[in-house]
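Remarks on the structure that follows.
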Amino acid sequence: MMDAIPPRRTLFETTEGRRLARIAEGAPWRRWGPYLSERQWGTVREDYSAGGTAWDYFPHDHARSRAYRWGEDGIAGWGDDHLRWCLGLALWNGRDPILKERMFGLTNAEGNHGEDVKELWYYQDGTPTHSYMRMLYKYPQAAFPYAQLVEENRRRGQGDPEFEIVDTGVFDEGRYFDVTVEYGKADVDDTLMCVTVVNRGPEEAVLHLLPQFWARNMWSWTTDIARARIRKVAEDVVETAHPLFPALRLYADGAPEILFCENETNFPRIFGMEASGYFKDGINDYVVHGERAAVNPEGVGSKCAMLHRLVLPPGGSARVRLRLR
């Protein structure tokens with residue numbers, strides 16, 4: 001005689017189901033989640049052009065240096081439901097001209113079939129309350145082919161196939177990193193971030209891994225909102241400060257170099273105007289160009305990054321963990 005099949009649990013008898021039920025009781029399990037845009041640049045949300053030319057008004061080349069007003073973007077982006085505080089990932093393979101902080105794609109005029117993202121990433125898991133989420137991003141070890149993707153797709157007509165990133169050859173022989181990002185919540189305001197990197201290539205490779213934490217810029221557009229502060233309070237801990245929001249602490253695994261700048265526009269670069277400070281692209285300029293003056297030596301700002309330099313043998317892996325609460 002066959003054993004009786006045990007009854008299936010209903011959704012609300014599971015741990016995740018109980019979290020969902022608690023939302024109706026007032027527990028804010030959805031306060032933190034994947035609320036950052038994949039692309040904030042080139043959108044109508046950030047368009048203040050006279051003729052509605054959003055793509056030209058805020059191109060990808062501006063994104064690393066220019067503060068957004070109405071949102072944020074990032075790889076594996078995570079934040080609260082008002083995007084006061086944001087987490088995301090930056091990467092540098094030692095060859096790219098800029099940090100890989102956000103997805104790259106073609107504008108409507110550049111793509112032979114219109115706007116088109118040119119990256120490889122996969123959303124692999126997620127729960128309704130965002131208590132657990134996982135994504136995979138594939139980052140080339142060769143220089144990211146920004147110009148080649150633009151030029152070749154612009155050359156092709158509407159009847160031609162699109163020129164994709166895999167067509168450039170940067171993933172040949174497995175010469176890329178698999179970067180898996182996981183988020184888990186220990187409680188409604190307690191987020192754990194785990195980044196696992198695997199070298200899929202045949203040779204040793206170096207990766208600069210930078211989990212980033214920043215405040216959305218809400219202060220540059222009005223005098224009514226104070227500038228948010230993130231300050232280093234220990235070798236591996238930063239703490240937020242704002243008169244309107246509860247303080248948070250971000251704990252970093254290991255002993256990373258913690259870098260600080262402001263989530264504010266680099267006016268000299270973008271608009272040719274005179275200004276000084278530690279601008280939004282300060283961490284980029286420090287890591288990629290070695291400009292030490294681009295980051296704040298006082299250990300304070302509205303944007304910070306935990307810099308890990310990973311040297312991975314073929315097939316080797318490394319893991320970095322953080323906790324925000």
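Could you run through segment 116-133 and say how many residues are more than 16 Å from Leu36 (Cβ to Cβ) and in contact with a Lys or Arg (Cβ under 9 Å, 6 or more places away or on another chain)? Walk me through it before giving the result.
Residues of segment 116-133 more than 16 Å from Leu36 (Cβ to Cβ): 116, 118, 120, 122, 124-125, 127-129, 131-132.
Filter again for in contact with a Lys or Arg (Cβ under 9 Å, 6 or more places away or on another chain), leaving 120, 122, 124-125, 127-129, 131-132.
Residues that pass the stated criteria total 9.
Somewhere in segment 229-246, is a residue touching a Cys at 6+ places or on another chain (Cβ under 7 Å), surrounded by 15 or more Cβ atoms within 10 Å (Cβ to Cβ) and part of a strand (DSSP E or B)?
Taking segment 229-246 as the starting set, the residues that turn out to be touching a Cys at 6+ places or on another chain (Cβ under 7 Å) are 230, 238.
Right, trim to surrounded by 15 or more Cβ atoms within 10 Å (Cβ to Cβ) and you get 230, 238.
Then drop every residue that is not part of a strand (DSSP E or B), which leaves 230, 238.
So far as segment 229-246 goes, yes, one or more of its residues are touching a Cys at 6+ places or on another chain (Cβ under 7 Å), surrounded by 15 or more Cβ atoms within 10 Å (Cβ to Cβ) and part of a strand (DSSP E or B).
Take the residues in segment 247-268 that are crowded, with 16+ Cβ neighbours inside 10 Å and aliphatic (A, V, I, L, M), then tell me which one is nearest to Arg292 (Cα to Cα).
Leu259
Mind checking which residues of segment 166-198 are under 20 Å from the mean Cα position of the chain (by Cα), within 18 Å of Trp121 (Cβ to Cβ) and not aromatic (Phe, Trp, Tyr)? Steps first, answer last, please.
So the first thing to find is which residues in segment 166-198 are under 20 Å from the mean Cα position of the chain (by Cα), and the list is 176-185, 189-198.
Filter once more, keeping what is within 18 Å of Trp121 (Cβ to Cβ): 176-183, 193-198.
Asp178, Val179, Thr180, Val181, Glu182, Met193, Cys194, Val195, Thr196, Val197, Val198, listed by residue number.
Quick check on Leu87: is it buried (at least 19 other Cβ atoms within 10 Å of the Cβ) and modelled with pLDDT of 95 or more?
Numbers: buried (at least 19 other Cβ atoms within 10 Å of the Cβ): yes; modelled with pLDDT of 95 or more: yes.
Yes, satisfied.
(1) over 19 Å from the mean Cα position of the chain (by Cα); (2) modelled with pLDDT of 95 or more; (3) acidic (Asp, Glu): which one isn't true of Asp281, the others all being true?
So Asp281 meets the others, but not (1).
The rows are residues; the columns are (1) more than 16 Å from Arg216 (Cα to Cα); (2) in contact (Cβ under 8 Å) with a residue 24 or more places away in the chain; (3) hydrophobic (A, V, I, L, M, F, W, C).
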site: Arg269; (1), (2), (3): yes, yes, no
site: Arg292; (1), (2), (3): yes, no, no
site: Ser302; (1), (2), (3): no, yes, no
site: Gly316; (1), (2), (3): yes, yes, no
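Would you confirm whether or not segment 99-122 contains a residue that is within 30 Å of Leu11 (Cα to Cα), among the hydroxyl-bearing types (Ser, Thr, Tyr) and buried (at least 19 other Cβ atoms within 10 Å of the Cβ)? Even if it seems obvious, please write down each step before you answer.
Pass one, segment 99-122, residues within 30 Å of Leu11 (Cα to Cα): 121-122.
Applying the additional criterion that residues be among the hydroxyl-bearing types (Ser, Thr, Tyr) yields 122.
From what's left, buried (at least 19 other Cβ atoms within 10 Å of the Cβ): none.
No, there is no match, as no residue in segment 99-122 is within 30 Å of Leu11 (Cα to Cα), among the hydroxyl-bearing types (Ser, Thr, Tyr) and buried (at least 19 other Cβ atoms within 10 Å of the Cβ).
Working only within segment 281-290, note down all residues that are under 26 Å from Gly201 (Cβ atoms) and without any contact (Cβ under 8 Å) to a residue 40 or more places away in the chain.
Within segment 281-290, His289, Gly290 meet the criteria.
Is there a residue in segment 64-83 that is closer than 16 Å to Thr191 by Cα, in contact with a strand residue (DSSP E or B) (Cβ under 9 Å, 6 or more places away or on another chain) and surrounded by fewer than 14 Cβ atoms within 10 Å (Cβ to Cβ)?
yes
Being farther than 30 Å from Ile230 by Cα, surrounded by fewer than 14 Cβ atoms within 10 Å (Cβ to Cβ) and basic (Lys, Arg): is that true of Arg155 here? If you could, list the steps in order and put the result at the bottom.
Working: farther than 30 Å from Ile230 by Cα: yes; surrounded by fewer than 14 Cβ atoms within 10 Å (Cβ to Cβ): yes; basic (Lys, Arg): yes.
Yes; evaluated as a whole, the condition is true for this residue.
Looking at segment 282-325, which of its residues are crowded, with 18+ Cβ neighbours inside 10 Å, part of a loop (DSSP other than H, G, I, E, B) and touching a helix residue (DSSP H, G or I) at 6+ places or on another chain (Cβ under 7 Å)?
Scanning segment 282-325 gives a single hit, Val295.
The values are calculated or read from the model by the stated rules, or taken from the named source; none is laboratory data. All figures in this text were calculated on a predicted structure; none of them were measured in a lab. Neighbour counts run over all protein chains shown; Cβ positions are idealised from the backbone, glycine included.
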